[in-house]
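Accompanying notes for the structure given below.
The values are calculated or read from the model by the stated rules, or taken from the named source; none is laboratory data. All values derive from a computational prediction rather than experimental measurement. Neighbour counts run over all protein chains shown; Cβ positions are idealised from the backbone, glycine included.
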Amino acid sequence: MPRLPAQNQRMSGLHQVSERELSQAWLRRSAPAAEHIRAFLQSGAVFAWSDDRWIIAWGDAEKSAEPDPGRPSFFAPDFYLSDTAPWRTYPGCAAVSPDTLAQQFDGGETTRTWRAFDAAHFAGTFDKAQAAFAGGELRKAVPAVFETSAGPLDTDARQRALRALANLPSGLMPYGCWNDEGGILGASPELLFENDGIEIHAMAVAGTARADTAPEDMMEDPKEKGEHLVVLEDIAARLGQLGRVTRGATRLWRIGILSHLRTDLRVMPGRPAGFRELVDLLHPTPAVGTAPREGWREWMPRLDAEPRGRFAAPFGLMLPGGEARCLVAIRNVQWNREIARCGAGCGLVPASQLARETAELRLKLAATRGNLGL
């Protein structure tokens with residue numbers, strides 16, 4: 001797709017277009033050439049804008065502190081937002097059908113083996129969190145653990161993973177970026193925000209069980225309900241700074257082998273809200289951080305088994321014209337030249353039980369590896 005200048009909002013210099021039309025121009029699906037697909041596998045990015053439309057990019061990424069107003073820009077910071085140049089733009093970019101894209105990738109079985117997370121260390125983290133709850137310092141905390149595997153996700157592994165991601169059920173949103181040095185690839189069920197220039201949409205996703213759990217058991221479980229309510233009230237309060245918040249009904253949401261409690265929220269802001277403003281307003285929600293939010297930067301390193309990298313960070317895409325979406329980067333694998341890491345987190349509250357939380361972590365890790373064909 002040709003570069004679309006944004007400053008005067010003219011396409012091909014022929015007629016004036018609205019911001020939404022400018023965004024929609026980049027969402028028209030096309031079929032990239034084979035050479036572009038090869039370049040995409042070597043160095044690229046992907047973001048699922050919808051179930052039937054992925055935005056893919058290829059070539060050497062240009063990093064910057066701000067998005068490019070004339071090209072789709074990928075936002076890929078670390079969890080602590082310490083990257084001073086979190087935006088990435090690429091020489092090539094296109095909207096594609098995931099089914100059509102997957103047909104160009106090889107499948108096959110993986111021989112990769114994974115080393116389990118340190119359950120003893122997690123037990124110590126659990127005790128730290130319970131002490132913080134008892135002392136009134138925290139009401140909720142979400143520590144992260146990681147399984148590890150030797151070696152990076154090479155181009156063959158990326159093909160298998162992308163092919164698997166294209167066949168996931170609705171509700172899981174593939175995303176990622178990579179190059180020769182390393183990368184991240186996953187499929188998140190959690191939208192941090194969507195901004196179409198009129199309304200801002202968000203969701204509270206907290207409370208997890210196996211997909212075969214009876215709906216009434218999940219919906220009436222005091223621990224799961226309490227955990228979800230902490231997240232919901234926090235996000236609603238943050239969005240309330242922009243305008244009147246409308247909440248949907250809390251419902252049981254089955255995705256693959258997992259079920260979650262989910263509540264959708266929306267707000268029509270009284271003024272335009274920028275991408276980074278929304279990130280700073282919402283990240284990290286208590287679904288991946290702490291409640292209360294104050295002190296999360298001090299608490300999370302004390303609770304996590306190892307550095308998060310991009311796990312549970314915001315991962316977003318802004319189109320020319322300003323339409324934007326941002327996911328919570330969970331259910332992913334990160335890698336560098338030496339090692340791959342599969343991460344998961346679990347929400348701890350005073351009513352949590354160690355055995356149950358450990359089982360939830362293992363279930364989430366298995367789901368993530370399955371989603372990626374790993």
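Only one residue in V328, V279, V245 is under 21 Å from D196 (Cα atoms), in contact with a Ser or Thr (Cβ under 9 Å, 6 or more places away or on another chain), modelled with pLDDT of 95 or more and of a type outside the set (S, T, N, Q). Which one?
Values: V279 fails: in contact with a Ser or Thr (Cβ under 9 Å, 6 or more places away or on another chain); V245 fails: in contact with a Ser or Thr (Cβ under 9 Å, 6 or more places away or on another chain).
The match here is V328.
Assuming A134 fulfils every condition listed in (1) surrounded by fewer than 16 Cβ atoms within 10 Å (Cβ to Cβ); (2) under 16 Å from the mean Cα position of the chain (by Cα) apart from one, which condition is it?
(2)
Those residues that are in a strand (DSSP E or B) and exposed (fewer than 14 other Cβ atoms within 10 Å of the Cβ), I need them from region 247-280; list them, please.
Kept after step one, since they are in a strand (DSSP E or B), are these residues of region 247-280: 247, 251-255, 258-267.
The answer is R251, and nothing else.
Which of (1) of a type outside the set (S, T, N, Q); (2) over 23 Å from A164 (Cβ atoms); (3) surrounded by 20 or more Cβ atoms within 10 Å (Cβ to Cβ) is the odd one out, the single condition D68 does not satisfy?
(3)
Given the structure, is A312 buried (at least 24 other Cβ atoms within 10 Å of the Cβ), within 24 Å of R139 (Cα to Cα) and in contact (Cβ under 8 Å) with a residue 40 or more places away in the chain? Quick ask: steps written out before the conclusion?
On the way: buried (at least 24 other Cβ atoms within 10 Å of the Cβ): yes; within 24 Å of R139 (Cα to Cα): yes; in contact (Cβ under 8 Å) with a residue 40 or more places away in the chain: yes.
When the stated conditions are applied, A312 passes them.
For region 69-112, which positions are of a type in the set (D, E, K, R) and touching a Gly at 6+ places or on another chain (Cβ under 7 Å)?
D78
Counting only residues that are assigned to a loop (DSSP other than H, G, I, E, B) and within 19 Å of the chain's Cα centre (by Cα), which one in region 328-338 is surrounded by the fewest Cβ atoms within 10 Å (Cβ to Cβ)? Spell out how you get there, then give the answer.
Start the filter on region 328-338 by keeping residues that are assigned to a loop (DSSP other than H, G, I, E, B), which leaves 329-331, 337-338.
Those left that are additionally within 19 Å of the chain's Cα centre (by Cα): 329-331.
On the way: A329: 29, I330: 24, R331: 30.
Only one residue tops the list, namely I330.
Which members of region 185-213 meet the condition of being out of contact with any Lys or Arg (no Cβ under 8 Å at 6 or more places or on another chain) and not in a loop (DSSP other than H, G, I, E, B)? If you could, list the steps in order and put the result at the bottom.
Going through region 185-213, the residues out of contact with any Lys or Arg (no Cβ under 8 Å at 6 or more places or on another chain) turn out to be 190, 192, 198, 206, 209-210, 212-213.
Scanning region 185-213 gives L192, A206, A209, R210.
Working only within region 38-65, note down all residues that are surrounded by fewer than 21 Cβ atoms within 10 Å (Cβ to Cβ) and outside any strand (DSSP E or B). Lay out the reasoning, then the answer.
Taking region 38-65 first, the residues surrounded by fewer than 21 Cβ atoms within 10 Å (Cβ to Cβ) are 38-39, 41-43, 49-53, 59-65.
R38, A39, L41, Q42, S43, D51, D52, G59, D60, A61, A65 - these are the residues of region 38-65 that are surrounded by fewer than 21 Cβ atoms within 10 Å (Cβ to Cβ) and outside any strand (DSSP E or B).
Have a look at R325, R341, R362, R356 and point out the one that is among the basic types (K, R), in a strand (DSSP E or B) and over 19 Å from G151 (Cα atoms).
Values: R341 fails: over 19 Å from G151 (Cα atoms); R362 fails: in a strand (DSSP E or B); R356 fails: in a strand (DSSP E or B).
Only one candidate qualifies: R325.
Looking at region 2-16, can you tell me whether even one residue there is at pLDDT 95 or above and either among the basic types (K, R) or part of a loop (DSSP other than H, G, I, E, B) (or both)? Explain how you work it out, then say what you get.
Residues of region 2-16 at pLDDT 95 or above: none.
No, that holds for no residue.
If you take the residues of region 191-227 that are buried (at least 21 other Cβ atoms within 10 Å of the Cβ) and polar (S, T, N, Q), which of them is modelled with the lowest pLDDT?
Looking at residues that are buried (at least 21 other Cβ atoms within 10 Å of the Cβ) and polar (S, T, N, Q), I get T208.
Can you work out which of the residues in region 288-309 that are touching a strand residue (DSSP E or B) at 6+ places or on another chain (Cβ under 7 Å) and of a type in the set (D, E, K, R) is surrounded by the fewest Cβ atoms within 10 Å (Cβ to Cβ)?
Going through the qualifying residues, I end up with E306.
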